[in-house]
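Report on the following structure.
The values are calculated or read from the model by the stated rules, or taken from the named source; none is laboratory data. Note that the structure is predicted; figures quoted are calculated from it, not measured. Cβ coordinates were reconstructed from backbone atoms using ideal geometry, including for glycine residues, and neighbour counts include every protein chain displayed. To get the accessible areas, we keep the full protein, side chains included, count just its heavy atoms, and leave off ligands, DNA and RNA. Shrake-Rupley method; radii C 1.70, N 1.55, O 1.52, S 1.80 Å.
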Protein chains: 2
Amino acid sequence: MDFKRCDQTVAWTALAGHFEGHGRGLDLREAFARDPQRFEHLSLQAPEVFADLSKNLWDGATRRLLTELARECQLEARRDAMLAGAPINTTEGRAVLHTALRAPRGTAPFSDEVHGVLDRMLAFAEGVRDSATSGIRHVVNIGIGGSDLGPQMVVPALDAFAHPGITLHFVSNVDGHDITPVLRRLKPAETLFIIASKTFTTQETMANAAVARQWFLDQGGDEAAIAQHFVGATTNLKAAADFGIHTTFGFWDWVGGRYSLWSAIGLPIAIAVGADHFRALLDGAHAMDRHFATAPLAENLPVQLGLLDVWYRNFHRFSSRSVAPYHQGLKRLPAYLQQLEMESNGKQVDLDGTPLPFGTSPVVWGEPGTNGQHAYFQMLHQGTDVIPVEFIAVQHPTHPHADLHAKALANCLAQSQALMLGKTTETALAEKAPTASAALGKLTVARHRTFPGNRPSTTLLLETLTPRALGALIALYEHRVFTSGALWGINSFDQWGVELGKALAGDLLPRLASGDLEGLDGSTAGLLKRLRA
Amino acid sequence: MDFKRCDQTVAWTALAGHFEGHGRGLDLREAFARDPQRFEHLSLQAPEVFADLSKNLWDGATRRLLTELARECQLEARRDAMLAGAPINTTEGRAVLHTALRAPRGTAPFSDEVHGVLDRMLAFAEGVRDSATSGIRHVVNIGIGGSDLGPQMVVPALDAFAHPGITLHFVSNVDGHDITPVLRRLKPAETLFIIASKTFTTQETMANAAVARQWFLDQGGDEAAIAQHFVGATTNLKAAADFGIHTTFGFWDWVGGRYSLWSAIGLPIAIAVGADHFRALLDGAHAMDRHFATAPLAENLPVQLGLLDVWYRNFHRFSSRSVAPYHQGLKRLPAYLQQLEMESNGKQVDLDGTPLPFGTSPVVWGEPGTNGQHAYFQMLHQGTDVIPVEFIAVQHPTHPHADLHAKALANCLAQSQALMLGKTTETALAEKAPTASAALGKLTVARHRTFPGNRPSTTLLLETLTPRALGALIALYEHRVFTSGALWGINSFDQWGVELGKALAGDLLPRLASGDLEGLDGSTAGLLKRLRA
C-alpha cells in the first residue's frame, strides 16, 4: 500500500495556515467565554473512558482539519491493515496483532492458538493462587522492557482486586542491586519465578535467572524442584528445558514486546488478580479495539488524541507531555507510556527510510498527582515552556476513604483549572501579600505570584479502576500511538535504535576484564581505565 | 546586592557568537580525533564523584566563556551569601541554609540548634532500630513533596546498609489508593508512623495521618499507645500534641522542603541505616559543600555542570535532560531531581519580577539503566530531538554478583559511546541485514538502522554507593541547580507556582459535595457534574 505522509497532504498546508491565523493565538479563557457549549463540543465518550478535550489549544475548526488530515493519510485503511494481520511492521517483516490477543474466540486471526495458551495460562495461574495447595506466597517476574513494564504497571493498578496472600516482585535490571534485595526477603519453598523472555536469550533476564536459580539451590532447593518453582513465558522450549523449566507459555512474532501484556507475558497479572479479572482486562481492551475499528474518525477517541499529539508536536512544537494519574495505583503508568510511545514513535525516518523533516515522539513523563503538585508542577504553572498535561481520574475509588477521594478529585480539577485560568499580576496585587523581604516592592512580589495561564490539558475519567477499565485505558494509548505514528509515516513497531548499544556492550564486556583499549574513543577508554583501577 | 543576569553580560554575547561560529556545529567524533587529551581536559574530580564531561557539545573555549559568564554574574559572591545565611530567598524573606544541616559542630550558622536536634533524632532512631526492645518492624513515613521524596529516594539507594528487620514505607498521595495497600499489610504493635509536615497542616499529610490514626485505633491500639507509635517531624508542637504525638523533631524556616532530607525529615533514613551511616551521608554532602565553596570556578564540578545546563538550555535550546542511573537503588533519583530542579528553577521572572526572555529549568526525567535501554532509549538514539543524557555508575557494587555488575557497566559505557558514535548508513548497509519484508530495499532497511550520533552525555562515577558518596552526589545536584538559577537571575528557593492550584482545590472541595457550579468554567463544571453523577 502507498500512504501519504502527513506533511504531503492538503490538510497539512491548511493546518499550517490555520495555526498562523488563529491557532497559535487561541486563548482558552476567551474560547470558553465565546462558546458556552465548548465542553460538550470537545469531549468524547469511549468504552470505559470519558475524555475532556476542551481545555486543549484547539477548536472545532482545528479538529475538522486534523480529522481531514487523518483521512488524507488513509488512517482507516492502515488501521484495517493492522487489524487484519497485514505485515505492517515492514522492517521486521511481521504482522502486528496484539488486538488478536484480546479478541473473543473466533473473531480474530490466530484465535485457536491465542485461546489455547490463554486457557492453559489462566488455569496455571489459578493453581498458583490456590496457595493452600501451591504453597506459593511470592512470585518474582524476571524480564525486562516489554516483559516487565506491562505487568509491573498493571499489578499495583489492580491491587484492590489482587490475591491478598501473594506478593508480586519484578526484577528487570541487569544491575545486581535489583535482584539482591528481592531475594534477601524470600524463601525458596514459597517462591515462584517467571522467566519472561521470548527467545530465552535476553542478556539481562538470563543473567538474573541464573542468579535466581543459584540462589534457589544455595538455599536448599534441589535441581528436581526447579521445575516446580520456575516457569517460562517463552517460545524457546529447548533453552528453558536446559534451565530445568518444563512449564512454558508461548507467544508469537506478531506480539511486540511493548504490546505483550495481553499474552503469556501477562502471567504475573493473572496470578495477582485471577482468571476472571484477567479476562475482564482483555475485554476492556477489546471494547476499545472495537471503538477504534468502528467509530467515525471525528468521534474516535484514540484517533482524536493522536491528532492532538500531532498538532502539539508539529505546530505548537511542544517537546514533551506530562502524564498525571490521580490514582496512586497508576504510579508506573508514565514509565509504561515512555516505552509505549517513545520506543514506538521515537524515529527519524519514514517507512521508506527517508529522513523526516518534523518532530516525532515527544518526551512523556510524570508522577502521580497529588505528588507531582508538590514537586515539578511549579514548572508546569510558572516555567518558561508550555507542557500539555494529561490528568487521569476515577469517579469511584476502590478504598473506603471517601474524604480522601474527594480531596484527590478536587486537586485534580483544580490543577487543570489553574493551568488554564492563571492569575494576573493585578489579581496577585490585590491579594494579601505573603511574607517577603522588606526591600521587595509589592509589585515585584505580585509578579512572582503571577501565572500566565492558557496552559493546555486533557482530563480522562474512568468510573472505577477496574480490570476492564484499565484494559480499555491501555488499549486507548496503544491506538493513539498508532495514530500519530501512522500520520508521521513511521514504523511504530520496530526498535532498531536499541541495537547499536547492545552490540557495543558486547564489545566492551570482555574489555572490562582484559583492559584492552584498542580503538576506543578517548572518553570510553578513560572511563574504562578508571572503572578497572 | 545587585547582580547581573546572564543575558546582561559581555560573556553572554561572546557565547552567542561562539555558538554561531562553531559551538552549534561541534562534532564530538572530530573533537576527540583533534584532541587526544580531550577526556583529561574535560573531566573533573570532586569529593566522591568523578565526572566525564568530554562527551558534551563543548570545548575548552566554551568552558572558558561559560566560566567567565559565572564570574560576571558574581556567582561566587552569591554562593557566599547563601552559605553565610543572607536572606537570599527574598520573596519569602528567608535564608537558605541546608548546608548548615551538614556542617560539623561549630562551623556554620545555627550549629547548636542543628546538632541538638540531630543528636536527639539519631538517638531516637537507634532506639527504634533496637527492634528486640522497640518491637518495631515497619516504619511508615507520611509526608509529601520535600517531606517524602528525599527519604523515599535515599532509603532504597542505601539498602545494602539498612537494618534487615525493619521495612520502610512511604505514603504521600492524598489519593487513598496510596495508604490503603500499605496499611493492609501492617500490624499496629510493630509499626511506627512518622508524620512529616513542618506546619502539621499539609492537606495530604494530615488526611493520611488521620486515616493511619483511625486504623491504629480500629486495629485495637488504644489512645495512650499513640504516643509510642506516632512521632512528628514538625515544628507545630501544639497540633502534634492534640493528635497524641509527644515525640517531635523540629527544623527551621531556612530549611526548604526540597533541601530537607538532611534535617529531621531524614528520620526515616536514620532509622533505616542508623546514626553512623546518617552522619556519613551528612559528611559526604559537607565535603561537596566545601568543594563548591572553595574550588576555583573552572574546577568546580557543580558550577561546571550548572554552566553546561545553561549552555544546553539557552544556546542549544534543549528542552529536557534524561538521567540514567546504572544502579537500581537510585530508581527514585529522577523523581527526586524533578523536584529539586524543576521546582527550584521552573520560573519565568527574575528576582526583580521581570519576565525572562530565555528558557529556565528543562524537564528532567529518566529511569534506571539498563531498564531504560529496553524502553525509551530508542528515542534517545533515533528520535528527532537531541536530549543530553546523564549516566551515573558505580565502580564497586554492594552485592556479590561481579558478572552482573560487569554487564551493567558495559551497558552504561556502551550507551554513551553509541549516542556519540552513531552508525552511518554505509556501515549499516555493510552489515548482515535483518529479517525484513521482501519488498523493502537494502538501502531502506539500512536507513532504519542508521544512527545520527553526536548526541551528548555526561558520565558521573562513584566508587561505591556508600552513604558518604550519596550525600556528595545529592549536594552536587543542589549546588548545580543553585548555579544555573543564579545565572538565570531567579529565586530558586520559593515555589509560588504551587499556590494557585492549592487555593482552587480549596474552592472545589465543597463544590464536589454541594454540586454548586456557579462561576466555574465550562470544562471544570462539566467534569464536576460527571464526577457527581
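If the Kirkwood radius is taken over C-alpha pairs of the stretch B:365-483, then at 20 °C and 1.002 mPa s the Stokes-Einstein diffusion coefficient equals 128 µm²/s. Using all C-alpha to C-alpha distances in the stretch B:292-388, build P(r) with 10 Å bins and read off the rounded percent in each one. Pairs per bin, as whole percents: 14, 36, 38, 11, 1.
Label-point spacing for residue A:246 across the identical copies (point 7 Å from Cα in the Cβ direction), in nm and ascending order: 6.3. For chain A, leaving out every one of the GluC sites (Glu not before Pro) that falls in a DSSP loop and has at most 16 other Cβ atoms within 10 Å, the longest unbroken run is A:1-430. Once all Cα-Cα distances of the stretch A:329-382 are split into 10 Å bins that start at 0, what whole-number percent is in each one? Going out from 0 Å in 10 Å bins, the stretch A:329-382 shows 22, 35, 27, 14, 2 percent. Largest accessible area first, the residues A:205, B:424 order themselves as B:424, A:205 under a 1.4 Å probe with ligands, DNA and RNA left out.
Among the protein heavy atoms of chain A, carbon and sulfur supply 53% of the accessible surface, probe 1.4 Å, non-protein parts ignored. Taken across both chains, chains A and B shield about 12000 Å² of accessible surface from a 1.4 Å probe. Contact order for the stretch B:287-373, expressed relative to its length and based on alpha carbon pairs under 8 Å spaced 6+ residues apart, stands at 34 percent.
Each copy carries a label point for residue B:27 at 7 Å from Cα along the beta-carbon vector; from one copy to the others these points are 4.9 nm apart, nearest first.
The alpha carbon centroids of the stretch B:489-504 and the stretch B:1-72 are separated by 32 Å.
If you count, for every residue in A:343-354, the Cβ atoms of partner chains within 10 Å of its Cβ, what is the mean? Walk me through the numbers before you get to the answer.
On the way: counts 7, 2, 4, 11, 6, 11, 7, 3, 3, 6, 11, 2.
Per residue, the average neighbour count from other chains is 6.
Convex hull volume per residue, computed on the Cα atoms of the protein assembly as shown, equals 161 Å³. What you get for the protein assembly as shown, charging only the Cβ of Lys and Arg (+1) and of Asp and Glu (-1), is a dipole of about 380 debye around the Cα centre.
Roughly how crowded by other chains is peptide B:420-431, in terms of the mean Cβ count from those chains within 10 Å of each of its Cβ atoms?
2
Working note: Cα gyration tensor of the stretch B:71-130, eigenvalues times five, square-rooted, sorted largest first, giving semi-axes of 31, 12, 10 Å.
Take residue A:104, push a point 7 Å out from Cα through the beta-carbon direction, and compare it with the same point in every other copy: 7.6 nm, smallest first. Sparsely packed loop sites in the stretch B:311-348 (the trypsin sites (Lys or Arg not before Pro) outside DSSP H, G, I, E and B with at most 16 other Cβ atoms within 10 Å) comprise B:317.
Taking the empirical scaling 2.2 N^0.38 Å for compact globular proteins as reference, the stretch A:1-124 has a Cα radius of gyration ratio of 1.49. In this view, the solvent-accessible surface of residue A:94, computed with a 1.4 Å probe and all protein chains in place, comes to about 80 Å².
With K and R counted +1 and D and E -1, the other residues having a Cβ less than 14 Å from that of residue B:466 yield a net charge of -3.
For chain B, the relative contact order comes to 19 percent (Cα pairs under 8 Å, sequence separation of at least 6). Quick one: plug the Kirkwood hydrodynamic radius of chain B (C-alpha pairs) into Stokes-Einstein at 4 °C, 1.567 mPa s, and report D in µm²/s. Result for D is 51 µm²/s.
With an 8 Å Cα cut-off and a minimum separation of 6 or more residues, compute the relative contact order for the stretch B:333-387 in percent.
Relative CO of the stretch B:333-387 lands at 32 percent.
Model label sites at residue A:299 and residue B:503, defined 7 Å from Cα along the beta-carbon direction, differ in position by 4.2 nm. In this Cβ point-charge picture (+1 for Lys and Arg, -1 for Asp and Glu), chain B has a dipole of about 1280 debye about its Cα centre. Each principal axis of the Cα cloud of the stretch B:200-329 was taken in turn, and the coordinate range along them, longest first, works out to 60, 34, 32 Å. Between residue B:358 and residue A:223, the FRET efficiency estimated from the beta carbon spacing at R0 = 45 angstrom works out to 0.10. Give me, ordered by chain and number, the residues 5 or more places off residue A:247 or on other chains with an amide H under 5 Å from its own placed amide H. Here A:232 satisfy the definition. If R0 is 51 Å, the Cβ-Cβ spacing of residue A:513 and residue B:112 corresponds to a FRET efficiency of close to 0.45. Between A:44, A:25, A:9, the Cα set farthest toward the positive side of the dipole of the stretch A:1-92 (charges on each charged residue's Cβ, about the Cα centre) is that of A:25. Taking the inverse of the mean 1/r over every pair of distinct Cα atoms in the stretch B:22-71 gives a Kirkwood hydrodynamic radius of 11.7 Å.
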